[in-house]
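Some notes on the structure that comes next.
The values are calculated or read from the model by the stated rules, or taken from the named source; none is laboratory data. Owing to the predicted nature of the structure, the values given are computational and were not obtained by experimental measurement. With ideal geometry, Cβ positions are generated from the backbone for all residues, glycine too; neighbour counts draw on all protein chains shown. For the accessible areas, the whole protein counts, side chains as well, though only heavy atoms, and no ligand, DNA or RNA atoms are used. Shrake-Rupley method; radii C 1.70, N 1.55, O 1.52, S 1.80 Å.
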Amino acid sequence: MPTNVLITAASRRVPLVNAFRSALARQGGGRLVVTDVNALSPAVYSGDRAYLVPLTSDAHYLDEVLAVCEAERITVLVPTIDDELPIFSAAVDR
């Protein structure tokens, strides 16, 4: 089963996206998906797929990210900003 990775708040983290792409290639493949609040963020153009999501302060943020995870069959979630950590840890059962 391929590993599908979601990097949240990808923004200008193109080197991080590329590092995960290389790691996926070495491990037999998978999809690399990114999210961001800005459609013009550089990393949006580096993933296999990109989704626009609201800010972490938005009440629908978690639901949007979970919908991406389900749609893309994400198996690894890589949060990149501190604000996301309590949101994701509180929702680990979801």
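Along each of its three principal axes, how wide is the spread of alpha-carbon positions in region 6-85, in whole angstrom units, largest first?
Reported extents, whole Å, longest axis first: 37, 24, 20.
Please report, as a whole percent, how much of the solvent-accessible surface of the chain comes from carbon and sulfur atoms (probe radius 1.4 Å).
Of the solvent-accessible surface of the chain, carbon and sulfur hold 54 percent.
In degrees, nearest 10, range 0 to 90: what is the angle between the Cα axis of helix 14-26 and the longest Cα principal axis of the chain?
Result, in degrees: 50.
Explain nothing, just the number: relative contact order of the chain, from Cα pairs under 8 Å at least 6 residues apart, as a whole percent.
Rounded, it is 33 percent for the chain.
Taking loop as defined by DSSP and a crowding limit of 15 other beta carbons within 10 Å, which trypsin sites (Lys or Arg not before Pro) in region 1-54 fit?
Of the trypsin sites (Lys or Arg not before Pro), the ones in loops of region 1-54 whose Cβ has at most 15 other Cβ atoms within 10 Å are ARG12.
Angle, helix 61-72 long axis vs. longest principal axis of the chain, Cα atoms, 0 to 90°, nearest 10?
Compared with the principal axis, the helix lies near 30 degrees.
Roughly how many debye, to the nearest 20, is the charge dipole of the chain about its Cα centre, given +1 on each Lys and Arg Cβ, -1 on each Asp and Glu Cβ, and no other charges?
In total the dipole reaches around 540 debye.
Report the one residue of LEU32, PRO79, LEU66 whose Cα lies farthest in the direction of the positive end of the charge dipole of the chain (charges on C-beta: Lys and Arg +1, Asp and Glu -1; origin at the Cα centre).
The residue sitting most towards the positive pole is LEU32.
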